[in-house]
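The structure appears below as structure tokens.
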Amino acid sequence: MSPSNLPSPPPTDVEEQPLARIERDGLHYTLLGTAHVSRASAEAVERLLDTGTFDAVAVELDPNRHAALTDPDRWAKLDLFQVVRQGKAGMVAANLALGAFQQRLADQLGIEPGQEMRVAIRAAEEAGLPLLLIDRDIGVTLRRTYRNVPWWQRFTLLGSLFLSTLSREEITAEEVEKLRQGDILEATFTEFAENSQALYTPLIAERDRYMAAKLEADAESRENPFAQVLVVIGAGHLKGLREHLEAGVPDHEAELERLEQVPPSGPWPKVLPWIITALALAGFAIGFSRSPQLGLELIRDWFLINGVLAGLGALIALAHPLTVVGTFLAAPFTSLNPLIGAGFVAAGLESWLRKPKVADFRDLRPDLTSARGWWRNRVTRTLLVFLLATTGSVLGTYLAGFRIFGRLFG
């Protein structure tokens, strides 16, 4: 390697940040570990790019998160009805909750969340350098995480995610700097991730390997490869990414495809709703065969338990009164039709009766950091209506089923 190709030494204060240098096939990677809400991390990115050493910048972002950072009006383009219709309401709510957790930390320190990524994006644009988005889609990561944990742990996992957005515990700058030893996703699920390989693997380990494969695939696809690449990542990925780059990722294209696949759910989530429907209808038939009065009482129980619990979920979400009534009336029927859920009906009614205004999208980020904001903002409230009405309907279905079983065979 000629002296002209040697990387310039970084500024002294940058050396205080987690840093690693790797040479592979004539390409030099400088890995900078950052905290996603750290002022020092953002300044380190800026100082490194000011050296003029690098001819490409890679960041721990996927296209969706890149758009969220660079397009402030992105959420204003959100079609809530289509989100619910496509079954993405839960995923959107989880993304918002993650953003709220990051925003809460950033608000306490007076720095924009993801500032180090914004600095990298802006500097690359100003210098005319290629920007490489190397992380896996956040939706794929969350779905792989969800499928990787036991079903009984999923409820505590989701609860941890949403409660982390509403906590008012103050976090000091020193504690945030310690996040350089972790990752924003891992930090959100700290209570579980520390002792759970099922969480650590999709949240951290898989993304380490994915980003290494992405960097190698990008270098291979270019006719004129880069010489010096600055890689800006959360410090929790520094060790894993370094090891994978040093060892290489065999057949990186196949590895990317493997890591982008969402494991299929087992047969039970698809079969169980139909079984419940068949059992409920069979219960009604048995009831009527014994006496018309018993059959009518079973139908009454089904309607009241389903309707009340689904409507109660919508009410807890502070849905419009007509949404609550509509959910109450629809839930007993949707519970007998696995193709449509009470949450879909409730969210559709809510988004129609209380269509989000421009101010709701404008205030989305600050509203995400408080419980009051989630219930006040029409965007997040519609998502809450969907989630809570769905939860109420599911509970109602099982409770009504046990009620019918008890009256027939008790």
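The values are calculated or read from the model by the stated rules, or taken from the named source; none is laboratory data. Model, not experiment: these values are computed from the prediction. All Cβ positions, even for glycine, are placed from backbone atoms using ideal geometry, and neighbour counts span all protein chains on display. Note: areas computed on protein heavy atoms with side chains; ligands, DNA, RNA excluded. Shrake-Rupley method; radii C 1.70, N 1.55, O 1.52, S 1.80 Å.
Take Ala314 and tell me if it is in a helix (DSSP H, G or I), touching a Ser or Thr at 6+ places or on another chain (Cβ under 8 Å), open to solvent by less than 10 Å² (accessible area, probe 1.4 Å) and at pLDDT below 95. Taking the combined requirement at face value, the residue does not satisfy it. For region 198-244, residues that are over 16 Å from Glu23 (Cα atoms), exposed (fewer than 15 other Cβ atoms within 10 Å of the Cβ) and more than 19 Å from the chain's Cα centre (by Cα) total 4. Looking at region 342-363 only, could you name the residues that are assigned to a loop (DSSP other than H, G, I, E, B) and either touching a Ser or Thr at 6+ places or on another chain (Cβ under 8 Å) or at pLDDT 90 or above (or both)? Answer for region 342-363, where residues must be assigned to a loop (DSSP other than H, G, I, E, B) and either touching a Ser or Thr at 6+ places or on another chain (Cβ under 8 Å) or at pLDDT 90 or above (or both): Arg354, Pro356. Scanning region 317-341 for residues that are of a type in the set (S, T, N, Q) and outside any loop (DSSP other than H, G, I, E, B) gives Thr323, Thr327, Thr334. Annotation note: Cβ proximity below 6 Å between a residue of region 15-29 that is in a loop (DSSP other than H, G, I, E, B) and a residue that is at pLDDT 80 or above (sequence gap 6+ or interchain) occurs for Gln17/Ala44; Pro18/Gly33; Pro18/Ala235; Pro18/Leu238. Of all residues in region 4-45, those that are modelled with pLDDT of 85 or more and not aliphatic (A, V, I, L, M) total 7.
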